[in-house]
1. Evaluate the following for Cys46: is it at pLDDT below 90 and either in contact with a Gly (Cβ under 9 Å, 6 or more places away or on another chain) or not in a loop (DSSP other than H, G, I, E, B) (or both)?
2. Is it true that some residue in region 12-33 is outside any strand (DSSP E or B) and in contact with a strand residue (DSSP E or B) (Cβ under 6 Å, 6 or more places away or on another chain)?
3. Can you tell me which of Val35, Val42, Val31 is surrounded by 15 or more Cβ atoms within 10 Å (Cβ to Cβ) and either more than 30 Å from Gly68 (Cα to Cα) or touching a residue at least 60 places away in the same chain (Cβ under 8 Å) (or both)?
4. Can you tell me which residue within region 31-80, out of those that are of a type in the set (Lys, Arg) and closer than 30 Å to Leu13 by Cα, is farthest from the chain's Cα centre (by Cα)?
5. Just for region 8-28: of the residues that are modelled with pLDDT under 90 and more than 16 Å from Ala65 (Cβ to Cβ), which one is surrounded by the fewest Cβ atoms within 10 Å (Cβ to Cβ)?
Amino acid sequence: MNEQRPQCAVCNLGGHLVDERITETDASRAVIVVVRHVPAQVCDRCGTTTITDEVAEELARIADAQQGSAVSGTVVVDFDQRHVAAAG
């Protein structure tokens, strides 16, 4: 089965979107939240990364929830397991 991958809407390089897991960081607050294994689509040519609205909303919820977990520093969360590890 030859499945056609979606074409990148950003680049002019003929790239296609590939499902990958990425790391996102929210450093806009007192606690820096690093979320690993976030589902995304990445262009195989230009590297443009796209996430769905649902994933973006979940990232915001994760970042909000972690703000009370430490006074400052960094919190690392796995997107799928919601496993939290504090650093620094």
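The values are calculated or read from the model by the stated rules, or taken from the named source; none is laboratory data. Just so it is clear, the structure is predicted and the values come from calculations on it, not from any experiment. No Cβ is skipped: glycine too gets one built from the backbone with ideal geometry, and neighbour counts run over all protein chains shown.
1. The answer is no for Cys46.
2. Among the residues of region 12-33, at least one is outside any strand (DSSP E or B) and in contact with a strand residue (DSSP E or B) (Cβ under 6 Å, 6 or more places away or on another chain), which makes the answer yes.
3. Only one candidate passes the filter, namely Val42.
4. Arg45
5. That would be Asn12.
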